[in-house]
């Protein structure tokens, strides 16, 4: 299934805009969420093809939201790529254990993001 619809989850308006711009310029339809709780609602409603998930957000973390999506029968097949400033190997390993399909460290290079999306599609 080709990836066309992507939900960008990040509490930073700058990061949401940056990722959205890259994606829309490359033909993707983008929706956004400012926090994990909002993201979980939007994923259930809109069923995006992919979720780009920040980790450090107020309230629930991106790790928690990724785990919730991965354990839910209705959303477990929607891939999550974590996009975060947390660049330690332990962070990456933890993110992958929560159910993420891939992991990118900010600042995200457009070419890297598009390559990761292409590999999933």
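Before we move on, is residue 57 modelled with pLDDT of 95 or more, outside any strand (DSSP E or B) and surrounded by 16 or more Cβ atoms within 10 Å (Cβ to Cβ)? Quick ask: steps written out before the conclusion?
Numbers: modelled with pLDDT of 95 or more: yes; outside any strand (DSSP E or B): yes; surrounded by 16 or more Cβ atoms within 10 Å (Cβ to Cβ): yes.
It is true that residue 57 is modelled with pLDDT of 95 or more, outside any strand (DSSP E or B) and surrounded by 16 or more Cβ atoms within 10 Å (Cβ to Cβ).
List the number of the failed condition for residue 65; all other conditions in (1) surrounded by fewer than 19 Cβ atoms within 10 Å (Cβ to Cβ); (2) touching a residue at least 40 places away in the same chain (Cβ under 8 Å); (3) part of a helix (DSSP H, G or I) hold.
Among (1) surrounded by fewer than 19 Cβ atoms within 10 Å (Cβ to Cβ); (2) touching a residue at least 40 places away in the same chain (Cβ under 8 Å); (3) part of a helix (DSSP H, G or I), residue 65 violates only (1).
Determine whether segment 89-111 contains at least one residue that is under 20 Å from residue 5 (Cβ atoms), out of contact with any strand residue (DSSP E or B) (no Cβ under 8 Å at 6 or more places or on another chain) and touching a residue at least 40 places away in the same chain (Cβ under 8 Å). Can you show your working first?
Taking segment 89-111 and keeping what is under 20 Å from residue 5 (Cβ atoms), we get 99-102, 104, 108, 110.
Going one step further and asking which of them are out of contact with any strand residue (DSSP E or B) (no Cβ under 8 Å at 6 or more places or on another chain), we end up with 110.
Add one more test, that the residue is touching a residue at least 40 places away in the same chain (Cβ under 8 Å), and what stays is 110.
Yes.
Which residues, counting only those in segment 77-101, are more than 9 Å from the chain's Cα centre (by Cα), within 16 Å of residue 56 (Cα to Cα) and assigned to a loop (DSSP other than H, G, I, E, B)?
The answer is 85, 86, 87, 88, 98.
The values are calculated or read from the model by the stated rules, or taken from the named source; none is laboratory data. Everything numeric in this text was worked out from a predicted model, so none of it was measured. Don't worry about glycine lacking a Cβ; one is built from the backbone with ideal geometry, like all the others, and counts go over all protein chains shown.
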